Amino acid sequence: MLPVVVVHGGAGFVPKERAMQSKAGVCAAARSGYAILQSGGSSMDAVVEAVTKLENNPSFNAGCGSVLTTSGNVEMDAIVMDGKTLASGAVSAVRNIANPVQLARLVMEKTTHTCLTAHGANQFARAMGVPEVPQESLITEYSRMRWEKNLAPDANPVECQMGKMGTVGAVAVDIEGNVACATSTGGLLNKMEGRVGDTPCIGCGGFADNQAGAVSTTGHGEAIMKVTLARLILFHMEQGQSPEAASDLSLAYMKSRVQGLAGVVTVDPQGQWAARFTSSQMAWAAAQKDCLHYGLYTGEHFTQSIDEP
């Protein structure tokens, strides 16, 4: 069963004209993460590589392509977690950083803290030699168009996420059976300055524990936080549920309890995995045993050789 990597490109509604880009993006990210696992790399290396690939892809709401705050700025959040030690690193409300997931890993490895925010996170990035990029390089025409559209007084940004419901992420198990997760986001469309969602919060945007598994979440952040979705899924897995059943139980609870829609990718230490969602769509891909699995709509599951273009 090992190794395996599973990625998601955000839960929400993906317009038809962006569907192919979303599928292609998650497949490319899964391939990149899997190549690392095949060469003996760690699950942490794999999830950071996969999420970096998604941050660099303007089709997704993370890194380049992030949605904008009410005042037109980019503020990003990210988290990583290592299932072997429960070590975790996160950043929130960072600006001018191309790959927040890599900065989150540096917080985990180079500080005694778990999360750094805003100015402090950017200050730490400079100390670590992480180059700052102009904000304009992170803003796409698509993000600016959606920002302007949602400045109207009667707009509902939560309903208008349009396939960019906030997040990209990955989970993996390496050949040693260690699990890891990584999640990154530009946040909620037209959010207030300084708003931080579920992504950088342990147990909400992600969780990884070798004794249970790993989860990366996507969806409406405030709702995910209320039910600590990632940790809830692993609780069900600790009770003996499969990754798929645990994911479905937790997503159903979140929908009924706080009326929130979300999506998740989940693995257990044996390499069983799931990609589940209650939103209209969620682009996802998984790589295992030289086979690439992917989908976008509920019930959709395509497979092909990992080497096929």
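Since every read-out is calculated from the coordinates, none of them should be taken as a lab result. Keep in mind it's a predicted model, so treat the numbers as computed, not measured. Here Cβ is always computed from backbone atoms with ideal geometry, including for glycine, and neighbour counts include all displayed protein chains.
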**OP:** Return a whole-number percent for the relative contact order of the range 4-305, with Cα pairs under 8 Å and 6 or more residues apart as the contact set.
**Re:** 25 percent
Original post:
Among the lysines, which fall within straight-line cross-link reach of LYS110, defined as a Cα-Cα distance under 21 Å, with same-chain neighbours fewer than 8 residues apart omitted?
Top reply: LYS84
Original post:
Rounded, prolate or oblate: which one fits the range 16-128, using the alpha carbon gyration tensor with axes a ≥ b ≥ c (rounded when a/c is under 1.5, else prolate when a/b beats b/c, else oblate)?
Top reply: oblate
Original post:
GLU222 versus ARG257, label points 7 Å from Cα toward the beta carbon: distance in nm?
Top reply: 1.8 nm
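Evaluate the charge dipole of the range 4-305 about its Cα centre and quote only its size in Debye, nearest 20, assuming +1 on the Cβ of each Lys and Arg and -1 on the Cβ of each Asp and Glu. Mind showing how you got there, number by number?
On the way: 22 positive and 26 negative charges, 73 e Å.
For the range 4-305, the charge dipole is close to 340 debye.
What is the antiparallel percent of DSSP beta bridges lying wholly in the chain, to the nearest 5? Numbers along the way, then the final one.
Values: 54 of 58 bridges.
Within the chain, antiparallel bridges account for around 95 percent of the total.
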Subject >> Contour minus Cα-Cα distance for HIS119 and MET192 (0.36 nm per residue) >> reply: 24.6 nm
Original post:
Within straight cross-link reach of LYS149, meaning Cα distance under 16 Å, which lysines are found once same-chain residues fewer than 8 apart are removed?
Top reply: LYS164, LYS191
Subject >> Rounded, prolate or oblate (a/c below 1.5 giving rounded, otherwise prolate when a/b exceeds b/c) for the range 15-71 by Cα gyration tensor >> reply: oblate
Original post:
Put +1 on the Cβ of each Lys and Arg and -1 on the Cβ of each Asp and Glu in the range 4-305; which of SER137, HIS293, TYR253 then has its Cα farthest toward the positive end of the dipole?
Top reply: SER137
Original post:
Using θ = phi - 60° and the Karplus form 6.51 cos²θ - 1.76 cosθ + 1.60, what ³J(HN,Hα) does each residue of the range 107-115 get, whole Hz, x for Gly and Pro?
Top reply: 4, 5, 8, 10, 10, 9, 9, 10, 9
Original post:
Suppose R0 equals 22 Å; then what is the FRET efficiency for ALA87 and GLU176 from their Cβ-Cβ distance, rounded to the nearest 0.05?
Top reply: 0.90
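Mind listing which GluC sites (Glu not before Pro) in the range 213-309 are in a DSSP loop and have 14 or fewer other Cβ atoms within 10 Å? Working shown, then result.
Details: sites: GLU222, GLU238, GLU244, GLU300; in loops: GLU300.
Taking the range 213-309 and a limit of 14 other Cβ atoms within 10 Å, the loop GluC sites (Glu not before Pro) found are GLU300.
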Original post:
Can you give the calculated 222 nm mean residue ellipticity of the chain, where each DSSP H run of n ≥ 4 adds -39,500 (n - 2.57) and the sum is split over every residue, rounded to the nearest 500 deg cm²/dmol?
Top reply: -10000 deg cm²/dmol
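Need one word for the range 253-309: rounded, prolate or oblate. Basis is the Cα gyration tensor (sqrt eigenvalues a ≥ b ≥ c); a/c below 1.5 gives rounded, then a/b vs b/c decides. It would help to have the intermediate numbers written out before the result.
Numbers: a/c = 4.08, a/b = 1.79, b/c = 2.27.
In terms of gyration-tensor shape, oblate.
Multiply the residue gap between SER242 and THR70 by 0.36 nm, knock off their C-alpha separation, and tell me the result in nm, one decimal place.
Working: separation 172, 0.36 × 172 = 61.92 nm, distance 4.06 nm.
Additional length available on full extension: 57.9 nm.
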Subject >> Signed unit charges on C-beta, dipole axis of the chain, positive-most listed residue ILE224, VAL6, LEU54 >> reply: ILE224
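What length, rounded to one decimal in nm, is gained on full extension from THR303 through to TYR142, with 0.36 nm per residue of separation minus their alpha-carbon distance?
On the way: separation 161, 0.36 × 161 = 57.96 nm, distance 3.03 nm.
Length gained, THR303 through TYR142: 54.9 nm.
Could you tell me which trypsin sites (Lys or Arg not before Pro) in the range 212-295 are loop residues by DSSP with no more than 16 other beta carbons within 10 angstrom of their beta carbon?
Numbers: sites: LYS226, ARG231, LYS255, ARG257, ARG276, LYS289; in loops: LYS289.
Listed in order of number, the matching sites are LYS289.
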**OP:** Have a look at the chain and give its Rg and Dmax from the Cα atoms, expressed in angstrom.
**Re:** 17.2, 53
